[in-house]
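Colleague: Quick one: the structure is below, questions incoming.
Bear in mind that the values in this text are calculations on the coordinates, not laboratory data. Remember, it's a predicted structure, so these values are computed and weren't measured experimentally. Here the Cβ is made from the backbone with ideal geometry for all residues, glycine too, and neighbour counts use every protein chain on show.
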Amino acid sequence: MPRVPSAAAAHIGARIRTARESSTMTQDQLAVRSDIDSSNIRAYETGRSLPNLQTLVRIADALRTPAGYFLEGVTVEMFPVAASDGRRRGR
């Protein structure tokens with residue numbers, strides 16, 4: 001789990017929180033229904049941590065929300081890229 005905050009983590013976390021609140025579910029209830037520790041749910045919602053794909057699908061299932069909802073609006077520019085990794089953008 002990346003611990004480096006990113007715009008993508010913040011965006012996805014905000015969408016998780018919105019879906020959870022729309023479902024009138026607490027963070028602890030979501031944790032139980034998705035079998036994910038509540039401290040991780042809090043970290044995702046605040047953008048401190050980015051869930052992996054499997055975790056995102058588990059959250060989506062628990063919230064009865066399409067997993068793609070959480071990725072709407074995410075762009076590659078939202079992810080940090082280390083200067084030394086050799087990848088180029090804008091090809």
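Colleague: So between Val81 and Tyr69, what do we pick up on full extension, going 0.36 nm a residue minus the alpha carbon distance?
Modeller: Value of the extension gain: 1.9 nm.
Colleague: When the Karplus curve 6.51 cos²θ - 1.76 cosθ + 1.60 is applied with θ = phi - 60°, which whole-Hz ³J(HN,Hα) does each residue of the stretch 47-63 get, with x for Gly and Pro?
Modeller: So the J values, rounded to whole Hz, are x, 6, 8, 10, x, 6, 4, 4, 5, 4, 5, 5, 5, 4, 4, 5, 8.
Colleague: So if we plug the beta-carbon distance of Arg33 and Ala10 into 1/(1 + (r/R0)^6) with R0 = 25 Å, what FRET efficiency do we get, rounded to 0.05?
Modeller: 0.60
Colleague: Please report the net charge: other residues with Cβ closer than 15 Å to the Cβ of Thr26, K and R +1, D and E -1.
Modeller: The answer is 0.
Colleague: Output ³J(HN,Hα) for the stretch 26-40: one whole-Hz value per residue in order, computed from phi by the Karplus curve 6.51 cos²θ - 1.76 cosθ + 1.60 with θ = phi - 60°, and x for Gly and Pro.
Modeller: 7, 4, 5, 5, 4, 4, 5, 5, 9, 6, 10, 4, 4, 5, 5
Colleague: Rounded to whole Å and sorted largest first, what semi-axes of the equivalent ellipsoid does the C-alpha gyration tensor of the stretch 7-69 yield via the square root of 5 times each eigenvalue?
Modeller: 15, 12, 11
Colleague: Explain nothing, just the number: relative contact order of the stretch 7-69, from Cα pairs under 8 Å at least 6 residues apart, as a whole percent.
Modeller: Computed value for the stretch 7-69: 41 percent relative contact order.
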